[in-house]
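Right, one structure below, let's go through it.
The values are calculated or read from the model by the stated rules, or taken from the named source; none is laboratory data. All of these numbers come straight from a predicted model, not from anything done at the bench. With ideal geometry, Cβ positions are generated from the backbone for all residues, glycine too; neighbour counts draw on all protein chains shown.
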């Protein structure tokens, strides 16, 4: 979490990590010393309650994103090109719960970093990488929705399975370059600033790195998403007006098939828009505060500010918890798949053979299979 001790320089905590400055200690000695300190001072009730709440968030995040991975196994309508991006998003969220949250919880409860200087840098890099992967994936989801809604007849050609795989790989390469490369090379560090605060892991960032990293990881993709959804909204309004005019002039009654298609497309746009809005609400305070502190360039390590950093950092982590819940509550196919998962064991006990036929477990290639008619299938999946 965000905690600074004995520090006289302002900094931006991009990933809630802390760079270890105990040069002589190993992670094993840190564990031993931490155990001795906890044995002497104990853990307060506040730390226990905070640890329990954060652990609950972590467990819910793991379970929720595991369900996202399993849903296409039991629900064929989720096996779409769009779902490949959802899988990428769920992967980032799942890794946050596996590789970021647990160490943050331990640090918050014990009040010290126990895992060594090298792993501290790796942990910070993981945090930045998964956050960036989430928002860039959401950016590509908005591009996918744009192609599906605005140019539906060209969707299958423009958003093919191969192109989707390339885009997904680009997300993770881009995120790795923003995270591991600068952190491991020390591009974020402030010359002449060193924190000798014992078992701390403080991520020191200069103002150039803070602004550039925030722009590449959040503000630039966010601008692209806003643009895409503006065009989607405008195209949906024009399509609705045109369909209404045609049905009134020609048929004098609603064309249920075309209206249902339009309703499905609008529902898809609303669903993804809500997901992105929740992401922005979770992460925008963090990046705005980063840029504000970088521009201010003064000493801002008050206890109030540090407490605020803790809250908004875990608010960002909670986005990884909320995403699967959004899919379950806003998407009918996800609800159907979740019911199948919950009833799978009961049904298998009743009729194993029939259950295997109805589920029709696919291979990895079938899960990524391109729909025959991109726009229609994607609409049903969302």
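Take the conditions (1) under 30 Å from residue 100 (Cα atoms); (2) in contact with a helix residue (DSSP H, G or I) (Cβ under 6 Å, 6 or more places away or on another chain); (3) modelled with pLDDT under 60; residue 207 misses just one of them, which is (3).
Answer with yes or no whether residue 105 is without any contact (Cβ under 8 Å) to a residue 60 or more places away in the chain and in a helix (DSSP H, G or I). Before you say what the answer is, go through the steps one by one.
Working: without any contact (Cβ under 8 Å) to a residue 60 or more places away in the chain: yes; in a helix (DSSP H, G or I): yes.
For residue 105, the condition - without any contact (Cβ under 8 Å) to a residue 60 or more places away in the chain and in a helix (DSSP H, G or I) - is met.
All conditions but one from (1) in contact with a helix residue (DSSP H, G or I) (Cβ under 9 Å, 6 or more places away or on another chain); (2) at pLDDT 90 or above apply to residue 166; the one that does not is (1). Listed conditions (1) surrounded by fewer than 20 Cβ atoms within 10 Å (Cβ to Cβ); (2) under 22 Å from residue 216 (Cα atoms) are all met by residue 128, apart from (1).
The single residue among 39, 34 that is touching a helix residue (DSSP H, G or I) at 6+ places or on another chain (Cβ under 6 Å), assigned to a helix (DSSP H, G or I) and either more than 17 Å from residue 109 (Cα to Cα) or at pLDDT below 55 (or both) turns out to be 34.
Taking the conditions exactly as written (in contact (Cβ under 8 Å) with a residue 40 or more places away in the chain and surrounded by fewer than 22 Cβ atoms within 10 Å (Cβ to Cβ)), does residue 142 satisfy them or not?
Details: in contact (Cβ under 8 Å) with a residue 40 or more places away in the chain: yes; surrounded by fewer than 22 Cβ atoms within 10 Å (Cβ to Cβ): no.
No; evaluated as a whole, the condition is false for this residue.
Of the residues making up region 71-124, just one is surrounded by fewer than 19 Cβ atoms within 10 Å (Cβ to Cβ) and in contact with a strand residue (DSSP E or B) (Cβ under 7 Å, 6 or more places away or on another chain), namely 117. Restricting attention to region 287-311, the residues that are at pLDDT 80 or above and either under 17 Å from residue 202 (Cβ atoms) or not in a helix (DSSP H, G or I) (or both) total 5. The set of residues from region 148-178 being under 19 Å from the mean Cα position of the chain (by Cα) and surrounded by 15 or more Cβ atoms within 10 Å (Cβ to Cβ) comprises 164, 167, 168, 171, 172, 174, 175, 176, 178. Within region 321-356, the residues that satisfy the criterion of being touching a helix residue (DSSP H, G or I) at 6+ places or on another chain (Cβ under 6 Å) and modelled with pLDDT under 55 are 348, 355.
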